[in-house]
Amino acid sequence: MTTRQRAAVLGSPIVHSLSPVLHRAAYAELGLGEWTYERFEIDEAGLPGFVAGLGPEWAGLSLTMPLKRAIIPLLDEVSATARSVEAVNTVVFTEDGRRVGDNTDIPGLVAALRERGVEKIPSAAVLGAGATASSALAALAGICSGEVTAYVRSPERAAEMRQWGERLGVDVRVADWARAAEAFEAPLVIATTPAGATDALADAVPEHAGTLFDVLYEPWPTPLAAAWARRGGTVLGGLDLLVHQAVLQVEQMTGAARAPLAAMRAAGEAALAAR
């Protein structure tokens, strides 16, 4: 039986991370009473030293910004999924001491959509162009048969999204942010922007809205998500993504065949409601 029973989430800022709530709920449900999951405020400069100091009791790490790319040189192996977007959010320490990196955001996004009946779509739109947008494109590579339109604010961001599209095998068309309301004509819209960025678009939600995946979970609902729900559209939020990617992390770190999705989601909802 393994003695690896410690895990944690690293990042900066990290104080509001829900990951400890989700992972601890999973441990309780799985009967892993000896397992611990903490959070550590770590920036890019402090990451190498922190990782070097971890002992054999460590099972894995969750990584948030700004560490998803900084961790890569410190790993022995990186999955093809993580390589595809140059971002690692999960590190598993093997019994022989190797550090293996993966990205559970991408399959987590796909799993969250599948749970709501979205498995294959003819086209999609992405609002924003950053690390989460590239993960969205990677997820869409497997479920979208046609064009993905990315709405961005600058020529530099436009070029980045075109490059990601080429790399991931996604047919990406780029449009100016001023036309972002046109995104709502797509059957699936993934909003990857910071809080407040889409608020002005809430009044533009069409009468027959499709599916909106807004990756924010605080504050929730966003004005856009609330307007979408009022129009009868399907709405997914950041907690859906967070829970589904955490399910995969728990399974990888603990070796559990199936992490308790319902218990993890309930814990996340309760924690957000208490804030």
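The values are calculated or read from the model by the stated rules, or taken from the named source; none is laboratory data. In this text, all values refer to a predicted model and were calculated from it rather than measured experimentally. Note that we place each Cβ from the backbone using ideal geometry, even for glycine, and neighbour counts take in every protein chain shown. Just the protein is used for accessible areas: all its heavy atoms, side chains included, with ligands, DNA and RNA removed. Shrake-Rupley method; radii C 1.70, N 1.55, O 1.52, S 1.80 Å.
Side notes on the structure shown:
- One residue from V51, V88, V15 being within 17 Å of the chain's Cα centre (by Cα) and among the β-branched types (V, I, T): V88
- Candidates L47, L22, filtered to the one that is of a type in the set (A, V, I, L, M, F, W, C), out of contact with any Phe, Trp or Tyr (no Cβ under 8 Å at 6 or more places or on another chain) and farther than 15 Å from V91 by Cβ: L22
- Scoring P219 on the criteria (1) open to solvent by 60 Å² or more (accessible area, probe 1.4 Å); (2) modelled with pLDDT of 95 or more leaves a single failure, condition (2).
- Residue in region 104-112 that is in a loop (DSSP other than H, G, I, E, B), within 30 Å of T3 (Cβ to Cβ) and at pLDDT 95 or above present: yes
- Subset tally (residues that are open to solvent by 50 Å² or more (accessible area, probe 1.4 Å) and over 23 Å from the mean Cα position of the chain (by Cα)) for region 54-75: 2
- Of all residues in region 222-275 being in contact with a strand residue (DSSP E or B) (Cβ under 6 Å, 6 or more places away or on another chain) and open to solvent by 40 Å² or more (accessible area, probe 1.4 Å), the one that is farthest from A82 (Cα to Cα): A229
- Hits in region 207-232 (condition: touching a residue at least 60 places away in the same chain (Cβ under 8 Å) and either in a loop (DSSP other than H, G, I, E, B) or of a type in the set (A, V, I, L, M) (or both)): V215, Y217, E218
- Checking every residue in region 90-98 against the condition of being touching a Ser or Thr at 6+ places or on another chain (Cβ under 9 Å), modelled with pLDDT of 95 or more and outside any strand (DSSP E or B) gives zero matches.
- Verdict on A195 being among the small types (G, A, S) and open to solvent by less than 30 Å² (accessible area, probe 1.4 Å): no
- Of all residues making up region 2-41, the number that are of a type in the set (K, R) and open to solvent by less than 50 Å² (accessible area, probe 1.4 Å): 1
- Inspection of region 31-52 finds no residue satisfying the criterion of being in contact (Cβ under 8 Å) with a residue 60 or more places away in the chain and either of a type in the set (S, T, N, Q) or not in a loop (DSSP other than H, G, I, E, B) (or both).
- Subset of region 1-19 [over 17 Å from L261 (Cβ atoms), of a type outside the set (A, V, I, L, M) and outside any loop (DSSP other than H, G, I, E, B)]: R6, G11
- For first residues located in region 165-181 and modelled with pLDDT under 95, partners that are basic (K, R) and loosely packed, with under 13 Cβ neighbours inside 10 Å and lie 6+ apart or on another chain with Cβ distances below 6 Å do not occur.
- Subset tally (residues that are within 16 Å of T132 (Cβ to Cβ), outside any helix (DSSP H, G or I), of a type in the set (A, V, I, L, M) and touching a helix residue (DSSP H, G or I) at 6+ places or on another chain (Cβ under 8 Å)) for region 165-206: 6
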